[in-house]
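A short worksheet on the structure shown next.
The values are calculated or read from the model by the stated rules, or taken from the named source; none is laboratory data. Note that the coordinates shown come from a computational prediction; the quantities given were computed from them, not determined experimentally. A quick note on method: Cβ atoms are made from the backbone with ideal geometry, for glycine too, and the neighbour counts reach across all protein chains shown. Quick note on the areas: whole protein, heavy atoms, side chains included, nothing else; ligands and nucleic acids left out. Shrake-Rupley method; radii C 1.70, N 1.55, O 1.52, S 1.80 Å.
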Amino acid sequence: FEMIETAKKHMPEGSGIGFTTNGMLICEKTAEKIVESKLDKLVISVDGIKPETYGYIRSGGSFKKIKKGIDILNSIKEKTGKKTPKLGIEFVVMKRNLEELPLVVEFAKENSIEFIIVSHLLPYTEEMTGQTLFELLSEASIEIFEKALKHAKNQGVNLKNYYNFSFFRNKKSVSDFY
């Protein structure tokens, strides 16, 4: 929490600080520190509203713990009269949880969640590719990446991927372009 205080002192006026968490460790003591810290936004990853979906996607996670943490944060904000941090949810949408998106909206409304971020699954294993809702490495995206890679090389900028794309469409790998 010291990092937040230091950042606030050195950031331009009007700037904000936000964090994303899985929310599993939010207890009374942590929630009090979060609210006192002057954090502007706290985003909690919720990839399923149904406990079985959440548990499958977030192996070892507990939707009940997340809900309890949100309740504690809201309670402390109410007791202290503080409006921050604004609470948000990040929902990584995939085939397994897409039908729960309307439930996420309801959950947000019922739990004083001010915003929802919906992002696509970026698979990093072959098994995960079957859960995506978009085409990975389309011909157009490969073309754009090839142009950007050449431009980066000409500019002396290192443009690299952070995972191996070889299991994606057409078995092409970004490393094929180096």
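When Lys65 is tested against the conditions (1) closer than 20 Å to Leu25 by Cα; (2) part of a loop (DSSP other than H, G, I, E, B), the lone failure is (2). None of Glu78, Glu99 is open to solvent by 40 Å² or more (accessible area, probe 1.4 Å) and closer than 22 Å to Pro123 by Cα except Glu99. For beta carbons closer than 6 Å, sequence separation of 6+ or different chains, a first residue in region 99-124 that is more than 17 Å from Leu42 (Cα to Cα) and a second that is open to solvent by 20 Å² or more (accessible area, probe 1.4 Å) and β-branched (Val, Ile, Thr), the qualifying pairs are Glu100/Ile49; Leu103/Ile49; Leu121/Val92; Pro123/Thr129. A residue that is open to solvent by 40 Å² or more (accessible area, probe 1.4 Å), assigned to a helix (DSSP H, G or I) and farther than 21 Å from Tyr56 by Cα occurs nowhere in region 116-131. What tally of residues in region 8-48 results from selecting those that are open to solvent by less than 30 Å² (accessible area, probe 1.4 Å) and outside any strand (DSSP E or B)? Count: 11. Output the residue which, of all residues in region 78-103 that are in a loop (DSSP other than H, G, I, E, B) and of a type outside the set (Lys, Arg), is nearest to Thr21 (Cα to Cα). The extreme case among them is Pro85.
Just a yes or no: is a residue in region 139-152 open to solvent by 90 Å² or more (accessible area, probe 1.4 Å), at pLDDT 75 or above and aliphatic (A, V, I, L, M)? No: region 139-152 contains no residue that is open to solvent by 90 Å² or more (accessible area, probe 1.4 Å), at pLDDT 75 or above and aliphatic (A, V, I, L, M).
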